[in-house]
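The values are calculated or read from the model by the stated rules, or taken from the named source; none is laboratory data. If you're wondering where the values come from, they're calculated on a predicted model, not measured in any experiment. Ideal geometry is used to build each Cβ from the backbone, glycine not excepted, and the neighbour counts take in all protein chains shown.
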Amino acid sequence: MSAMGLDRRLLMPRPGRLAVRLALGVAMPLVVVVVTIARGGSAALVWFGVLFGVAQVSLAVTLTHKELIAAAPSYFQPGLRRRLVLAHVTWALGLGVAAALVVALVPGAGALRALSQLGAAVSLHALLALLALRLSWGYQLPLWSWYAWMPLRAVDALAAAGRFEALQAAAWAWLAAGALLLALLARTLARPGLHRRLHGTLALSLEDWLRPQRMQAYKRECRRRFTHARGAAWRGRLLGAQLRRAARARAAGDVVAAQRRRLLGLGLLATTSERVWVLPIIAAGMLAFAIFGGYFDAAQQRDRLDGWFGGLAYQAATWPLWSLGAYVFAATADVSRRTGLRAECGLLARLALLALAASLATALGLALLAAVLPPITRDGRVLEFVAARPHGTWLVPLLAPLAWLALALRPTPHASWTGIVAGPLFVLGHGLLTMVPYRQSVPLLVAASLLALLVAYRLRRRWWERADLGH
Amino acid sequence: MTDRPIARLRGVSKLYGTTRALDDVSLEFAPGTIVGVLGPNGSGKTTLLGHLPGLLLPTSGTVETFGVPAARLGDAELARIGYVSQEPRLPEWMTVGETVEFVRAGRTRWDAALATRLLADFGLDPGRGVDALSPGLRQRLAILIAVAPRPDLLILDEPAASLDPVARHDFLRLLMELIQEEERTILISSHVLSDVEKVVDTVLLINGGQVHCHQPLDELRETYHRVDVTAVGADLPSPLPLPGLLTVTGDRRRAMAVCGHVPRHQVEAAARALGVEAKVRGLEFEEIYRLIATSDGRKV
């Protein structure tokens, strides 16, 4: 610890991981900055790229701090809160200065102002640190932050319309926001409430997704909260129905069906929040996403087979595939090997059907939106809402074997891996259908799906033959 | 030794949703006492202990530790507390040595010799990663970190739950050593009554969030008496006319009675007056615990 009270362990927690995150977080913005400059292009892209790098570093530091705060001895460490505040102020200012230097040194930064950049970087660091510390799922933020690249064209359009300069010119506003957010972060770190709340909890980092022990501990901690008496009434009724059917099937001697029902019930618990307000918020978010995407695609005027953005609304229909992984591996060891494999295959088939139903509902919803939403005028152009064509309807069930394969190939025996893979797989599949003519892309997807089914089945059969059973 | 209590709870209740974990608890812990906090699962032991360092805040009532409201404990007070929870969370990416160093760097008091000795006694390899430790070794590391700063208040919540018999023996030996320092207060919750009995001087029995007994162990032992009576000639009278009678089991010829809150000589005199064969002895600690823990809230 230095005389200033700065602790190296707090300032550079887990240097190895920080270096990896720096490499990931800075590499992509760096490429964007270089390409943008080479093309003599948009200052907005430089701005966006630099802030993305700031976000990655901030999250890496904060999530490690969160783990430290959650560790049992930390609550009783005198001066830890003060040292954490100092570390964050140092990081915020350091990142702010680095961002300002990029603007000052990089040719082609155009309208960017160093002071605005400093204020924006400080604001972003403080905001993300606050979110990562306060949200129980804060460890997912580094992953979600990549979605920030999706509306990149909107930032570009903003610059083209000349509004970006005005945004940059208000340096005092950026600096004021930065100071305010940093003060809020310092207050949060200095007061005992956060430390009390986090003490003894399992604070994850993004990398923990690949560490089976940590994820299993996290699942155990989550499972303690899973009781079917909690949450929305429909959730409890659905689970109750599944468990009753499981009991009836077991009584009738159909152990495979009993196991399948049980897994479905547990998967339902794992993939729906007990918090009643979460699902309406997600539903509202999806609706806003679909509406925005439909108009955004209409504005693109590009020669594509389908709207890209609006089509992503179908990704919501992959939810049953996410649940495929949620409990399939967590509670299978108390049945025979044969029953386990047969129940898993049966569950996969039913989840694929469920995904198909969800896709049909999505297609219906998009068609409904297209029928009721009026045309809007934007920059003198009339934009008609574009509903994505319903190829997603069958793309989603085709992903089921691929999700199963991801689960079978998983590097770690925990369930979230399927979810991590299912999302990007949808984006890839959707991209293929959008960019490549159907007569090429459809056979390709079907072949990939069949191959995945075959390989996944063989892998899972082998796994069940060798699995350690809990009885 | 000063008279000022090291911790004081006044009318403390704690609600988790609709579940009442603590119900109007008022207590004081004197400095230098070794208190065994006992009670069945879910009785409120962990909740009670969590209130003292301010990890939990009461729904109603007040908690003071070192004379300061527990919600506002500052660095100076927190540095005087050592705390070991049932499942201690430790920084998983650090090695054992780094964890000890990290804690030591933040502590104003640190007994380096004790830490070094405990590392060896507990079989902790400083170069080993915390994530590779078994639950037992992890618990030993948590105990080391809690006791090495020589805290004035040591709170141990089921510290021996995941320790093997040898490690538990070492841990008890360590506790005995820590007890030698008169000003240190230790609160220890455990289900292993034989362990608690060896080290504590005061017993706090809690059940259903309510305190059933908080008194010195020796005093508690003198409170309850077991009377084994065997009829000689006529059947035993029913009910048995014994002072402070709490429970009776047996039949008309032979019975075992428990009497409480009366001096032993009174019980012996009453037993003699019955004209039966009677043996009076003190209750074992485990029997006292069972009696109170199964009382369903009745005063025994």
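Residues being in contact with a Phe, Trp or Tyr (Cβ under 9 Å, 6 or more places away or on another chain) and crowded, with 19+ Cβ neighbours inside 10 Å are represented in segment B:14-37 by at least one member.
Give segment B:144-170 a look and list any residue that's surrounded by 23 or more Cβ atoms within 10 Å (Cβ to Cβ) and outside any loop (DSSP other than H, G, I, E, B), or say none. Of everything in segment B:144-170, those that are surrounded by 23 or more Cβ atoms within 10 Å (Cβ to Cβ) and outside any loop (DSSP other than H, G, I, E, B) turn out to be B:144, B:145, B:146, B:147, B:154, B:155, B:156.
Does segment B:189-208 contain at least one residue that is outside any strand (DSSP E or B), over 28 Å from residue B:147 (Cα atoms) and either in contact with a strand residue (DSSP E or B) (Cβ under 9 Å, 6 or more places away or on another chain) or not assigned by TED's automatic domain parsing to the domain that holds residue B:160 (or both)? Within segment B:189-208, one or more residues are outside any strand (DSSP E or B), over 28 Å from residue B:147 (Cα atoms) and either in contact with a strand residue (DSSP E or B) (Cβ under 9 Å, 6 or more places away or on another chain) or not assigned by TED's automatic domain parsing to the domain that holds residue B:160 (or both). Would you mind stating whether residue B:196 is among the β-branched types (Val, Ile, Thr) and surrounded by 19 or more Cβ atoms within 10 Å (Cβ to Cβ)? Spelling it out, residue B:196 is indeed among the β-branched types (Val, Ile, Thr) and surrounded by 19 or more Cβ atoms within 10 Å (Cβ to Cβ).
Could you tell me whether segment B:51-69 includes any residue that is among the aromatic types (Phe, Trp, Tyr) and modelled with pLDDT under 90? For segment B:51-69, residues among the aromatic types (Phe, Trp, Tyr) and modelled with pLDDT under 90: absent.
For residue B:176, the criteria (1) within 14 Å of chain A (Cβ to nearest Cβ); (2) closer than 21 Å to residue B:30 by Cα hold in every case but one, which is (1). If residue A:57 satisfies every condition in (1) crowded, with 24+ Cβ neighbours inside 10 Å; (2) more than 8 Å from chain B (Cβ to nearest Cβ) but one, which is the exception? It fails just one condition, (1).
Of all residues in segment B:70-111, those that are without any contact (Cβ under 8 Å) to a residue 12 or more places away in the chain and either farther than 30 Å from residue B:131 by Cα or assigned to a helix (DSSP H, G or I) (or both) total 8.
For segment A:222-236, check the following and say yes or no: at least one residue is surrounded by fewer than 19 Cβ atoms within 10 Å (Cβ to Cβ), modelled with pLDDT of 80 or more, of a type in the set (Gly, Ala, Ser) and not in a helix (DSSP H, G or I). No, that holds for no residue.
When B:44, B:36, B:61 are screened for being more than 13 Å from chain A (Cβ to nearest Cβ), in contact (Cβ under 8 Å) with a residue 12 or more places away in the chain and at negative phi, only B:36 passes. Here B:193, B:172 are screened, and the one residue that is under 16 Å from the mean Cα position of the chain (by Cα), under 22 Å from residue B:123 (Cβ atoms) and at pLDDT 80 or above is B:172. In segment A:6-20, the residues that are within 11 Å of chain B (Cβ to nearest Cβ) form Cβ pairs under 9 Å with partners that are surrounded by fewer than 20 Cβ atoms within 10 Å (Cβ to Cβ) and polar (S, T, N, Q), at six or more places apart or across chains, as follows: A:8/A:2.
Among the residues making up segment B:245-279, those that are under 16 Å from residue B:230 (Cβ atoms), at pLDDT 90 or above and touching a Lys or Arg at 6+ places or on another chain (Cβ under 8 Å) are B:256, B:257.
Scanning segment B:213-238 for residues that are under 35 Å from the mean Cα position of the chain (by Cα), of a type outside the set (Ser, Thr, Tyr) and not in a helix (DSSP H, G or I) yields B:213, B:214, B:215, B:216, B:225, B:226, B:227, B:228, B:229. The number of residues in segment A:189-200 that are at the interface with chain B (Cβ under 7 Å from one of its Cβ atoms) and on the phi < 0 side of the Ramachandran plot comes to 3.
In this structure, residue A:81 qualifies as among the basic types (Lys, Arg), modelled with pLDDT of 90 or more, over 22 Å from residue A:156 (Cβ atoms) and not in a loop (DSSP other than H, G, I, E, B). Among the residues of segment A:66-103, those identified as within 7 Å of chain B (Cβ to nearest Cβ) and of a type in the set (Gly, Ala, Ser) are A:70, A:71, A:72, A:79.
Go through (1) closer than 27 Å to residue B:191 by Cβ; (2) within 14 Å of chain A (Cβ to nearest Cβ) for residue B:21 and report which single condition fails. Going through the list (1) closer than 27 Å to residue B:191 by Cβ; (2) within 14 Å of chain A (Cβ to nearest Cβ), residue B:21 breaks only (2). Considering only segment B:69-107, state which residues are touching a Leu at 6+ places or on another chain (Cβ under 9 Å), facing another protein chain (nearest Cβ under 9 Å) and surrounded by fewer than 18 Cβ atoms within 10 Å (Cβ to Cβ). Passing the criteria: B:71, B:75.
Taking the criterion of being under 23 Å from residue B:197 (Cα atoms) and either at pLDDT below 90 or assigned to a loop (DSSP other than H, G, I, E, B) (or both), the residues of segment B:6-48 that qualify are B:6, B:30, B:31, B:32, B:33, B:39, B:40, B:41, B:42, B:43, B:44.
Report whether or not residue A:204 is under 27 Å from the mean Cα position of the chain (by Cα) and either within 11 Å of chain B (Cβ to nearest Cβ) or surrounded by 20 or more Cβ atoms within 10 Å (Cβ to Cβ) (or both). It is true that residue A:204 is under 27 Å from the mean Cα position of the chain (by Cα) and either within 11 Å of chain B (Cβ to nearest Cβ) or surrounded by 20 or more Cβ atoms within 10 Å (Cβ to Cβ) (or both).
The numbered conditions (1) surrounded by 12 or more Cβ atoms within 10 Å (Cβ to Cβ); (2) under 29 Å from residue B:194 (Cβ atoms) are all true for residue B:281 except (1).
What number of residues in segment B:108-135 are buried (at least 19 other Cβ atoms within 10 Å of the Cβ) and at the interface with chain A (Cβ under 9 Å from one of its Cβ atoms)? Matching residues across segment B:108-135 total 0.
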